[in-house]
Amino acid sequence: MGALLNPSILSADFANLERDLGKIAGADYAHVDVMDYHFVPNLTIGLPVVERLVQVCPVPIDTHLMIEDPDRWAPGFAEAGAASVTFHAEAAQAPVRLARELRRLGARAGLAIRPATPVEPFLDLLDEIDMLLVMTVEPGFGGQSFIEGTLAKIRRARAAVDESGLDVWIQVDGGVSRTTIERIADAGANVFVAGSAVYGADDVAAEIDVLRGLADGAAHHH
């Protein structure tokens, strides 16, 4: 499977979300960050907006819930039609139960970890999830620079996924750009969230293709 590119609408124009979703029709998913002012020091959009974005988005919606109590709130996003629902390991009380509920509702279940959270405790749960999101900046704000120390974690996650034989995607979110995406792909990620790198480009559609091409090129070196 080739690299998947999921532009983050955190860098889109919130007054023109439908227009800016249209600009990423050539992407694989639209990455939608839900923040609650508790788990992260920012507040973005919630379920009513996501429900509406699902209806107008030209590509499937990949929700990233940076919220407290995802055990309670995450299933609603699957019910709203999000194709993928990712919750944070640091916030979930019963991650396996929640992942199973998301899958039951028809969504892909994603488990996210912050930059300082070790991946090892979750490698035994790989058969319960569809995606592991390794945050490569501290969650909360777009436009931050990539944390180099997360590359080793991505490599360990990729080795564990390959050893398991499971089709678990490894997503990276934070500081993904032309200058970082090849190293991230080489480390083993296959799903790339890019916000400011995509929406800050003069030609959004072309930038998506450039980034995906760079990731595919780096991945094929293996």
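The values are calculated or read from the model by the stated rules, or taken from the named source; none is laboratory data. Remember, predicted model here, so these are calculated numbers, not experimental data. Cβ: placed from backbone, ideal geometry, glycine included. Neighbour counts: every protein chain shown.
Inside the range 5-56, residues that are aliphatic (A, V, I, L, M) and touching a Phe, Trp or Tyr at 6+ places or on another chain (Cβ under 7 Å) make up a count of 5. Pairing residues of the range 146-175 that are over 14 Å from VAL193 (Cα atoms) with residues that are part of a loop (DSSP other than H, G, I, E, B) and modelled with pLDDT under 95, at Cβ distances under 7 Å and at least 6 apart in sequence or on separate chains, gives no pairs at all. Looking across the range 21-36, the residues that are surrounded by fewer than 19 Cβ atoms within 10 Å (Cβ to Cβ) and either touching a residue at least 40 places away in the same chain (Cβ under 8 Å) or assigned to a loop (DSSP other than H, G, I, E, B) (or both) come down to ALA25, GLY26. Screening ARG114, ARG97 for residues that are closer than 22 Å to MET35 by Cβ and of a type in the set (D, E, K, R) leaves exactly one candidate, ARG114. For the range 150-169, the criterion of being within 16 Å of the chain's Cα centre (by Cα), of a type in the set (Ser, Thr, Tyr) and in a helix (DSSP H, G or I) is met by at least one residue. The residue that is surrounded by the fewest Cβ atoms within 10 Å (Cβ to Cβ), among those in the range 174-222 that are of a type in the set (Asp, Glu) and assigned to a helix (DSSP H, G or I), is ASP209. Is it the case that SER145 is in contact with a Leu (Cβ under 8 Å, 6 or more places away or on another chain) and either surrounded by fewer than 21 Cβ atoms within 10 Å (Cβ to Cβ) or farther than 25 Å from ASP124 by Cα (or both)? Taking the combined requirement at face value, the residue does not satisfy it. Considering (1) outside any strand (DSSP E or B); (2) in contact with a His (Cβ under 8 Å, 6 or more places away or on another chain); (3) of a type outside the set (Lys, Arg), the lone condition that GLU51 does not fulfil carries the number (2).
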